[in-house]
Amino acid sequence: MIVRIMGEGQVKLSDSHLPELNKLDDELLVEMENGDGPGFRRTLTALLSKVRELGAPLPDDSLEPSELILPSPDATLEEVRELLSDDGLIPG
């Protein structure tokens, strides 16, 4: 799976990592629903860090279509709400 972090670039991520990322995504959803700004920021940072850690960066000139687009690390709670689907940021 090709994942883009807005403002940073793309990484190739194995589908086997999705359950681990979905746990963080679920936490993020709860924090957003509760309006927990500090919790939201902490979990978004953890989610993006985990994607960077588990993924293999693609070259900057790569033109691969992204299967998943994640917000930038400085995205606001409101901006992330606009990106959400019923499943959160990460499907499944």
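Of the residues LEU47, LEU84, LEU77, the single one that is in contact with a Leu (Cβ under 8 Å, 6 or more places away or on another chain), farther than 15 Å from VAL11 by Cα and hydrophobic (A, V, I, L, M, F, W, C) is LEU84. Note on segment 25-56: residues that are closer than 18 Å to GLU79 by Cα, under 12 Å from the mean Cα position of the chain (by Cα), open to solvent by 10 Å² or more (accessible area, probe 1.4 Å) and touching a residue at least 24 places away in the same chain (Cβ under 8 Å) total 3.
Out of SER49, SER62, report the one residue that is at negative phi, among the polar types (S, T, N, Q) and modelled with pLDDT of 95 or more. The conditions single out SER49.
So for segment 74-85 (the condition being in contact (Cβ under 8 Å) with a residue 12 or more places away in the chain, assigned to a loop (DSSP other than H, G, I, E, B) and on the phi > 0 side of the Ramachandran plot), does at least one residue qualify? Within segment 74-85, not a single residue is in contact (Cβ under 8 Å) with a residue 12 or more places away in the chain, assigned to a loop (DSSP other than H, G, I, E, B) and on the phi > 0 side of the Ramachandran plot.
Restricting segment 5-24 to residues that are out of contact with any Lys or Arg (no Cβ under 9 Å at 6 or more places or on another chain) and not in a helix (DSSP H, G or I) leaves a set whose member that is least open to solvent (accessible area, probe 1.4 Å) is LEU13. Within segment 4-26, the set of residues being in contact with a helix residue (DSSP H, G or I) (Cβ under 9 Å, 6 or more places away or on another chain) and within 11 Å of LEU89 (Cα to Cα) comprises LEU21, LEU24, ASP25.
The values are calculated or read from the model by the stated rules, or taken from the named source; none is laboratory data. Computed from a predicted structure; not experimentally measured. Ideal geometry is used to build each Cβ from the backbone, glycine not excepted, and the neighbour counts take in all protein chains shown. The area values use the complete protein model at the heavy-atom level, side chains included, leaving out ligands, DNA and RNA. Shrake-Rupley method; radii C 1.70, N 1.55, O 1.52, S 1.80 Å.
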